[in-house]
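Asks: This is the structure I have questions about; it appears just below.
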Amino acid sequence: MGALAIKNVTKSFGDTHILKGIDIHIEAGEFLILVGPSGCGKSTLMNIIAGLEAPTTGEVHIGERIVNNVAPKDRDIAMVFQSYALYPTMNVRKNIAFGMETRGVPKKEQDEIIARVSKMLQIDHLLDRKPGQLSGGQRQRVAMGRALARDPKLFLFDEPLSNLDAKLRVEMRTEIKQLHHRLKTTIVYVTHDQIEAMTLGDKIAVMKDGIIQQFGSPEEIYERPSNLFVAGFIGSPSMNFVECHLAEQGGEYGVSLQSEGDARFVALPNGARLADRIGQKVILGVRPEQIEVAEEGEPGLACKVHLTEPTGPDTMIFTQVNGKEVVARVHPRAARHPGETMRLKLDMGKVVLFDPQTELRLV
Amino acid sequence: MTSYNGPAQYGFAERWLPRLVLAPSFLLTLVFVYGFILWNGYLSFTTSRLLPNYEWAGLAQYTTLFANERWWVAVKNLFIFGSLFIGGAMAVGIFLAVLLDQKVRQEGALRTLYLYPMALSFIVTGTAWKWMLNPGLGLEKLVQDWGFTNFTFDWLVNPDMSIYTVVIAGIWQSSGFVMALFLAGLRGIDDSIIKAAQIDGASLPRIYWKIVLPALRPVFFSTLMILAHIAIKSFDLVMALTGGGPGFSSDVPATFMYSTAFTRGQMGVGAASAMMMLMTVAAIVVPYLYSELRGSRNG
């Protein structure tokens, strides 16, 4: 059963088009991430799902219903806001109970729900405090508790972690994921953080300029980004983009790479599909971890190390290929110091090629 | 670079200039505010009539004051005016602020429009409303000229109702100001709180009543303070609108004080009534200031 379907939704203010035809469909229990840079329309889309804004055209289905003309309160949704949006004059208990009071849930049932939710989120000792007396992480939990108290068909999270400090953010991220595993609810989650998107999502919609650039599982998006924007946006450090020309050498199709002082031809597996593009310029996309240190006797490209960034488990090596800066993620023991030379090879089975004009992926 | 550990050394000018600059206003305030309060306090215990004298009379002037029917009319009027004026200005002001908060077009222009009465002095407000409420000249005549010959609106010349005309004019003057204060407060409320309440299913009146207005408690108290002291001090509005009349039916303590002290030659009674007003204001303002100052020290 589909839990949420968005059909050709657009949103315009006069001549400003915020959303330009959005289509999304997710099943019950799925965790959908809307990710993109600021101004991409993801929050507007969220507000349209919540019913806080109306789409200019298109349909929003929640469950079996078209909800275009249904008020937010009747959509059977709950929302967690970036600023938490706790009611400042009410204590935690009242904050959680407010929605139930409005819906006329019996008092006894309210108390049971509050007890259950606050225990689950470990906020049962905070029930009599006001939001002003809570830390950021505690407010976050209360905001989630308020959403959970409703047991809705659809949870909406609007950048819920971006006001937390880095350590807490990682903790809460894990908790949200555990919560989702436990409750099996359908969640729509807006973020600009690609790590949150990758770690939490069952489905990711990468948005830019009011268009969904790619919609798919985290693996699809990471391994087969549909265009240059998605490739560059997802992954940290970003994918390296190297301009090169497709060539044929000894019956194999591939590209030639030049570092400072070395050059070699690397073949693409099943490159034959690109036969009609021989001689044309393409952009080679390779993720930092797809660049490896070549073993003794293996073919490799000798690259000069410009800079190293040790992160602990890995070390980032900054070098240059075809005149573009390239980052490689290598084991700290294999890393050389700046000024020295390392022999690197690409995992050609995983690299992706993009058309420089259309910016779309070729293989 | 040499370093100097110790109190910074100032020249003579640096040390004395701030005090010198502040001295005149400090001195003026000391003499003309606190000095005159003390002088007035002393006069209220003397037998002063047309001119001040310093013959000690104990509480005699207060006894006279409390035996005066006109004083009690003034106190009753202050009570009526104060509560209706504060309540009315607050209600109208909050209502306007909530309406203006709904992202209306031309909000800036409307805001200015509603705030304009505040730019007028109470004298102008009083005079304008005196014309409008004058039965032979203003509203009553207008409606009668339209053909409703039975229409009467004679509160201005009706001793039982005259104080309510002051309330009307006062609310008209001050509700725009209340609106501005509350609008500023409303703008400080996070938008997503309202969205969250909408998703929780609360209607707009319920959102304002249960969530937004309770969050504006500090604004509410500041506004109450400002309106309360305007009400207690109100003099010019009454003077311009009704002159305390008809008879002394719309007297308030301030007009009572003025007429006893300066036109009826009972300076001692006037001084005593002035002291009563001071005490009333102090009873409201001092606890407020105390809590405010203590709050800011803790925060």
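The values are calculated or read from the model by the stated rules, or taken from the named source; none is laboratory data. Treat the numbers as computed from the prediction; the structure is a model and nothing was measured. All Cβ positions, even for glycine, are placed from backbone atoms using ideal geometry, and neighbour counts span all protein chains on display. Note: accessible area is taken over every heavy atom of the protein model, side chains too, but ligands, DNA and RNA are not part of it. Shrake-Rupley method; radii C 1.70, N 1.55, O 1.52, S 1.80 Å.
Asks: For the stretch A:104-133, which residues satisfy the criterion of being in contact (Cβ under 8 Å) with a residue 24 or more places away in the chain, of a type outside the set (Gly, Ala, Ser) and within 12 Å of another protein chain (Cβ to nearest Cβ)?
Replies: Within the stretch A:104-133, A:130, A:131 meet the criteria.
Asks: Working only within the stretch B:261-291, note down all residues that are open to solvent by less than 30 Å² (accessible area, probe 1.4 Å) and free of Cβ contacts under 8 Å to residues at least 60 places away in the same chain.
Replies: Selection gives B:261, B:270.
Condition check ((1) within 14 Å of another protein chain (Cβ to nearest Cβ); (2) in contact (Cβ under 8 Å) with a residue 40 or more places away in the chain) across all residues:
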residue: B:142; (1), (2): no, no
residue: B:151; (1), (2): no, no
residue: B:161; (1), (2): no, no
residue: B:181; (1), (2): no, yes
residue: B:194; (1), (2): yes, no
residue: B:215; (1), (2): yes, no
residue: B:232; (1), (2): no, yes
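Asks: Look at the stretch A:40-80 and say how many of its residues are part of a loop (DSSP other than H, G, I, E, B) and either surrounded by 14 or more Cβ atoms within 10 Å (Cβ to Cβ) or within 14 Å of another protein chain (Cβ to nearest Cβ) (or both).
Replies: Looking only at that region, the number is 15.
Asks: Only one of (1) surrounded by 14 or more Cβ atoms within 10 Å (Cβ to Cβ); (2) in contact with a strand residue (DSSP E or B) (Cβ under 9 Å, 6 or more places away or on another chain) fails for residue A:279. Which number is that?
Replies: Unmet condition: (1).
Asks: Tell me the strands (runs of 3 or more DSSP E) entirely within the stretch A:252-334 that contain at least 3 residues that are aliphatic (A, V, I, L, M) and over 16 Å from residue A:349 (Cα atoms).
Replies: The qualifying strands (runs of 3 or more DSSP E) are A:315-321, A:324-330.
Asks: Still on this model: Between A:157, A:229, which is open to solvent by 30 Å² or more (accessible area, probe 1.4 Å), aromatic (Phe, Trp, Tyr) and assigned by TED's automatic domain parsing to the domain that holds residue A:107?
Replies: Matching residue, one of A:157, A:229: A:229.
Asks: Answer yes or no: is there a residue in the stretch A:81-97 that is open to solvent by 70 Å² or more (accessible area, probe 1.4 Å), over 30 Å from residue A:178 (Cβ atoms) and modelled with pLDDT of 90 or more.
Replies: There is no residue in the stretch A:81-97 that is open to solvent by 70 Å² or more (accessible area, probe 1.4 Å), over 30 Å from residue A:178 (Cβ atoms) and modelled with pLDDT of 90 or more.
Asks: Return the residues of the stretch A:39-96 that are among the hydroxyl-bearing types (Ser, Thr, Tyr) and more than 21 Å from residue B:189 (Cβ to Cβ); say none if nothing qualifies.
Replies: Within the stretch A:39-96, the subset among the hydroxyl-bearing types (Ser, Thr, Tyr) is A:43-44, A:56-57, A:83-84, A:87, A:89.
Scanning the stretch A:39-96 gives A:44, A:56, A:57.
Asks: Name the pairs: first residue in the stretch A:173-191 and in contact (Cβ under 8 Å) with a residue 24 or more places away in the chain and assigned to a helix (DSSP H, G or I), second residue open to solvent by 60 Å² or more (accessible area, probe 1.4 Å) and not hydrophobic (A, V, I, L, M, F, W, C), Cβ to Cβ under 7 Å, at least 6 apart or on different chains?
Replies: Partner pairs satisfying both residue conditions: none exist.
Asks: Checking the condition touching a strand residue (DSSP E or B) at 6+ places or on another chain (Cβ under 6 Å) and within 16 Å of residue A:353 (Cβ to Cβ), which residue from A:293, A:286 passes?
Replies: Working: A:293 fails: within 16 Å of residue A:353 (Cβ to Cβ).
Matching residue, one of A:293, A:286: A:286.
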